[in-house]
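This report refers to the structure that appears directly beneath it.
The values are calculated or read from the model by the stated rules, or taken from the named source; none is laboratory data. No experiment lies behind these values; they were computed from the predicted model shown. Every residue, glycine as well, gets a Cβ built from its backbone with ideal geometry; the counts of neighbours run over all protein chains shown.
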Amino acid sequence: MRNFIGKKGWGLSAAALIILILAPPTEAGSKINLTNVNQDDMNSMARELGLASSAIPLAPSEPLGLVLGLDVGLGVSVADIHDEKTYWHSAIEGGNPKPVLILPQISVRKGIPLGIDLGATYAPTVLGSNISLVGGEVKWSFIKGSMLTPALALRVNYHRALGASDFSLQTVSTDLSISKGLGPIKPYTGVGLSFIFFNPDTASLKKTEPRELKGYAGVRIKLMLIQIVPEIDLARNFLIYSLKVGLIL
């Protein structure tokens, strides 16, 4: 399924966002169960689940500012997991994993002094699993940018999974980003490091704490108070397609 998803990722993101707005899902996806998982399979599954659950910036490097300085958005991320691998088949009840993990999310960001933005994110369900996510972030635009110079920003995020009965999952991500645009179009790119903390609640398995380098690129298109932000995130042999629509004040 990976070639299909790679070609259709943006369409999947847009379609998923429309479906989630018009007809939110009423059923949970496949449940993750570690009963029949060995250590190697758990390590591989935890890496992909952690990357899918880690922070997606979905914003350029410039600070929001202080006039209103508010960014409210509804987004979705589509993570292209290796559903054909044995570690997903053994980790999913019934042994039939979906080809993607879909994360609908609500995000709010607020600008404060010194070029700092504070944000919070809530993903009510990770479709294809039995967890939801909450998270927060701090972004510091140490170079705010101008008509001639780009903006540069450092960001730190924390996400925590809720609802899992046999494991805990937390991610801490930090990244450096740059953006420069003209008018309503503002492309951005960045590189970061995600720390994944996966702790199974079973004596037969040990915790795993992979660290993953990740790059990303996106563009914010602003139409009056409306913004549209597509983004792609790339880690080693792993892709996430994201799309956000919302208000920026």
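Okay, here's what the table says:
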item: Yes/no for I221 being touching a Leu at 6+ places or on another chain (Cβ under 9 Å), of a type in the set (V, I, T) and surrounded by 13 or more Cβ atoms within 10 Å (Cβ to Cβ); result: no
item: Considering residues of segment 73-92 that are acidic (D, E) and part of a loop (DSSP other than H, G, I, E, B) only, the residue surrounded by the most Cβ atoms within 10 Å (Cβ to Cβ); result: D83
item: Selection within segment 145-154 - closer than 17 Å to P57 by Cα and either in contact with an Asp or Glu (Cβ under 7 Å, 6 or more places away or on another chain) or at pLDDT below 95 (or both); result: A151
item: Residues (small (G, A, S), buried (at least 23 other Cβ atoms within 10 Å of the Cβ) and assigned to a loop (DSSP other than H, G, I, E, B)) located in segment 51-72; result: S54, A55, A59, S61
item: Top-ranked residue in segment 193-221 [being within 21 Å of the chain's Cα centre (by Cα) and basic (K, R); ranked as nearest to S177 (Cα to Cα)]; result: K214
item: Selection status of S146, surrounded by 16 or more Cβ atoms within 10 Å (Cβ to Cβ) and of a type in the set (S, T, N, Q); result: no
item: Residues of segment 93-114 satisfying the condition of being buried (at least 21 other Cβ atoms within 10 Å of the Cβ) and farther than 13 Å from E137 by Cα; result: P97, V100, L101, I102, L103, P104, Q105
item: Matching residues in segment 159-188 - criterion: being under 23 Å from Y122 (Cβ atoms) and free of Cβ contacts under 8 Å to residues at least 40 places away in the same chain; result: R160, L162, G163, S165, S168, Q170, V172, T174
item: Boolean, L118 is within 19 Å of V245 (Cβ to Cβ) and in contact with a strand residue (DSSP E or B) (Cβ under 6 Å, 6 or more places away or on another chain); result: no
item: Test: residue in segment 149-167 that is surrounded by fewer than 23 Cβ atoms within 10 Å (Cβ to Cβ), of a type in the set (D, E) and either over 26 Å from L249 (Cα atoms) or more than 20 Å from the chain's Cα centre (by Cα) (or both); result: yes
item: G119 vs. criteria exposed (fewer than 15 other Cβ atoms within 10 Å of the Cβ), at negative phi and within 16 Å of the chain's Cα centre (by Cα); result: no
item: Residue check, Q105 polar (S, T, N, Q), closer than 23 Å to L74 by Cβ and not in a loop (DSSP other than H, G, I, E, B); result: yes
item: Every residue from segment 188-203 that is in contact with an Asp or Glu (Cβ under 6 Å, 6 or more places away or on another chain) and in a loop (DSSP other than H, G, I, E, B); result: D201
item: Residue that is modelled with the lowest pLDDT, among those in segment 170-229 that are over 20 Å from R155 (Cβ atoms) and of a type in the set (S, T, N, Q); result: T202
